[in-house]
């Protein structure tokens with residue numbers, strides 16, 4: 001292999017940012033599951049999980065943008081600007097690049113609706129956020145199929161690790177959903193945990209009485 | 001807190017605030033039997049003055065400058081105009097579920113002048129072109145019975161154009177919040193939801209829903225009869241009219257009074273040396289040092305710069321020999337337990353703040369409690385589906401500020417009231433299960 005020339009620079013940049021994008025999207029997906037289950041990261045305040053989820057997703061968009069632009073600008077293969085957002089429109093590997101385009105479209109939709117979340121119907125936003133799994137899945141499939149590097153060696157192990165992590169998170173989410181504290185009891189449960197010296201929430205299974 | 005003893009009823013005179021002129025009281029009759037029955041009501045005020053066309057009342061209300069009396073003081077005409085614009089037929093609900101434990105005014109109004117509220121409900125329904133109306137209130141057997149009878153009597157007399165249904169609210173602090181109301185009327189739990197869509201866009205049965213406090217509707221019924229100038233004869237230019245207030249005097253007396261906006265607070269509460277602080281706006285409101293309150297009037301113009309507001313007219317004078325921090329800790333605990341448990345910052349943050357408040361209220365508290373509290377306050381504010389965390393933070397912050405000398409005393413192991421006698425009214429049970437929310 002000869003050194004990095006002007007034409008191979010774009011190719012290397014695209015491959016590298018592609019790998020980083022996959023790692024970031026995997027991280028965002030894992031944090032998203034954690035946000036959803038209101039879990040926390042060891043040693044960090046609760047809001048950090050949400051903050052990290054949001055900020056990493058914006059960072060992922062930046063890397064995906066470089067990944068896509070360098071791939072399109074690279075003269076070695078012809079992809080075309082249209083194929084960035086329209087799936088299966090690329091003359092080069094239409095099916096495999098199409099998966100990437102689907103992922104990009106979904107990621108953009110998720111980012112834009114999240115930025116405008118305060119103005120949107122919460123149910124609509126939540127419904128759309130389910131597509132995050134599809135976005136991650138098509139990005140991973142796109143990595144495995146269109147990349148020539150990921151079929152063996154360290155990068156293959158990396159993709160397998162990403163898939164295992166997200167699969168594990170999904171299983172964890174499903175098992176956690178069954179062990180949820182009912183929302184009516186959450187505040188009392190938190191108060192129970194706090195400062196036993198001076199505050200006690202009422203006995204949770206005590207006789208119920210109405211005021212007035 | 002029982003209905004019969006706290007609300008004025010036959011045989012108990014209604015209190016009138018000093019210095020009220022201009023034909024006050026307007027909503028609660030000064031004399032005569034209560035509840036005001038239909039015959040007496042019609043004899044005094046006649047039939048509800050239907051405008052004959054949707055929308056006609058809206059500019060009249062704008063000229064009157066009537067604002068919502070449920071606490072938010074939002075201009076009434078703007079809410080009506082937004083709902084009237086909708087293409088689907090709207091629903092109108094009178095909100096009598098005052099969930100504030102320290103407020104008695106909506107219950108009193110519904111008890112004493114039910115027909116004035118029901119007139120307002122009809123006129124509001126006509127103004128937005130609706131034929132479906134409802135009344136939403138807590139489960140008080142006597143009050144519900146009385147209102148069912150009043151509605152039946154009006155139906156028999158052919159007075160009402162929109163059908164009126166009564167919906168019962170659970171005894172939850174948040175049950176009166178607009179989106180909680182819509183959820184409850186739709187058969188769900190009385191829990192707030194995220195907005196948008198706003199309730200006036202999509203509320204009961206997916207239809208645009210106009211929700212007004214029952215006192216607002218009573219004022220509306222009178223403005224429709226006597227006009228904007230009559231309404232503006234009371235109150236200030238910026239905040240016209242009168243309002244109902246629940247007063248908690250330092251000597252333990254409790255009264256519901258009707259007073260003009262702009263009335264000096266010192267003519268409503270006894271603010272002498274026996275009062276150390278005043279709570280304005282209820283448990284989502286703020287504390288004021290008694291000396292500051294004595295210079296203010298009942299108006300948002302005076303109260304807002306001090307971090308408080310008129311709200312739903314709850315004013316409480318805390319006696320000098322009670323511990324303000326202990327009171328604030330009791331209320332903070334109540335507010336934490338009344339979280340709907342839907343938003344993380346609220347159901348994680350408020351119990352922590354309540355625990356820290358209890359720590360500060362105890363002898364020789366951990367000095368970190370105050371700094372923890374200030375940090376948490378910043379983290380929960382503005383991060384809920386409703387304003388519950390914001391209101392709780394406002395209440396707690398003002399207590400930390402106004403009772404800072406008491407905090408110092410606690411640090412030295414002393415307290416103004418070692419017996420910790422409770423002063424502010426709080427219900428003795430909070431939500432324990434899903435059944436308590438519906």
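Every number in this text was worked out from the coordinates using simple rules, so none of it is lab data. Only a predicted model underlies this, so the values are computations on that prediction, with no experimental measurement involved. FYI the Cβ positions are ideal-geometry reconstructions off the backbone, even for glycines, and counts take in every protein chain you see.
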- Note on the structure: P(r) of region B:296-380 over all Cα-Cα pairs, 10 Å bins starting at 0, rounded to whole percent, reads 16, 35, 38, 11
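For a Förster distance of 35 Å, can you work out the FRET efficiency between the beta-carbons of residue A:163 and residue B:88, rounded to the nearest 0.05?
For residue A:163 and residue B:88, the calculated efficiency is 0.15.
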- Query: Projected area of chain B, taken from the Cα convex hull and averaged over every viewing direction, in nm²?
  - Reply: 19.5
- Base-10 log of normalised Debye intensity for region A:2-159 (one unit scatterer per alpha-carbon) at q = 0.13 Å⁻¹: -0.65
- Query: Within 10 Å of each Cβ of B:350-361, how many other protein chain Cβ atoms are there on average?
  - Reply: 5
- Task: With just the Cα atoms of the protein assembly as shown, tell me how far they stretch along each of the three principal axes, in Å, largest first.
- Result: 101, 68, 46
- Rh by Kirkwood over Cα pairs, then Stokes-Einstein D for region B:244-319 at 0.890 mPa s and 25 °C, µm²/s: 209
- Message: Taking only the Cα atoms of region B:24-232, how large is their convex hull per residue, in Å³?
- Response: 114
- On full extension of the chain, what length is gained from residue B:321 through residue B:131, given 0.36 nm per residue of separation minus the C-alpha to C-alpha distance? 63.0 nm
- Query: So how far, in whole Å, is the C-alpha centre of region B:79-103 from the one of region B:375-438?
  - Reply: 29
- Message: Need one value for B:192-203: mean number of C-beta atoms belonging to other chains within 10 Å of its residues' C-beta atoms.
- Response: 2
- Note the angle between two axes, namely the Cα long axis of helix B:114-127 and the longest principal axis of the Cα atoms of chain B, as a number of degrees from 0 to 90, rounded to the nearest 10. 70
- Query: What number, in percent, do you get for the relative contact order of chain B if the mean sequence gap of Cα pairs under 8 Å and at least 6 apart is divided by its residue count?
  - Reply: 17
- Query: If we sort B:403-412, A:132-141 on the protection proxy, mean other Cβ atoms within 10 Å, highest first, what's the order?
  - Reply: A:132-141, B:403-412
- Per-selection Kirkwood Rh - region B:324-422 (Cα, Å, 1 d.p.): 13.3
- Note on the structure: Between the Cα axis of helix B:214-232 and the main Cα principal axis of chain B, the angle (0 to 90°, nearest 10) is 70
- Message: Modelling each spin label as a point 7 Å along the Cα-to-Cβ direction, I'd like the residue B:237/residue B:144 distance in nm, to one decimal.
- Response: 4.8
- Message: Using alpha carbons only, how many angstrom separate the centre of region B:154-221 from the centre of region A:123-175?
- Response: 45
- Message: How much length would be gained if the chain were fully extended between residue A:176 and residue A:58, taking 0.36 nm per residue of separation minus their Cα-Cα distance, in nm to one decimal?
- Response: 39.7 nm
- Principal-axis tilt of helix B:141-157 within chain B, Cα atoms, nearest 10 degrees: 20
- Message: Once each part is reduced to its C-alpha centroid, what is the distance from region B:104-143 to region B:264-341 in angstrom?
- Response: 28
- Message: Please compute, for peptide A:116-122, the average count of beta-carbon atoms on other protein chains lying within 10 Å of each residue's beta-carbon.
- Response: 3
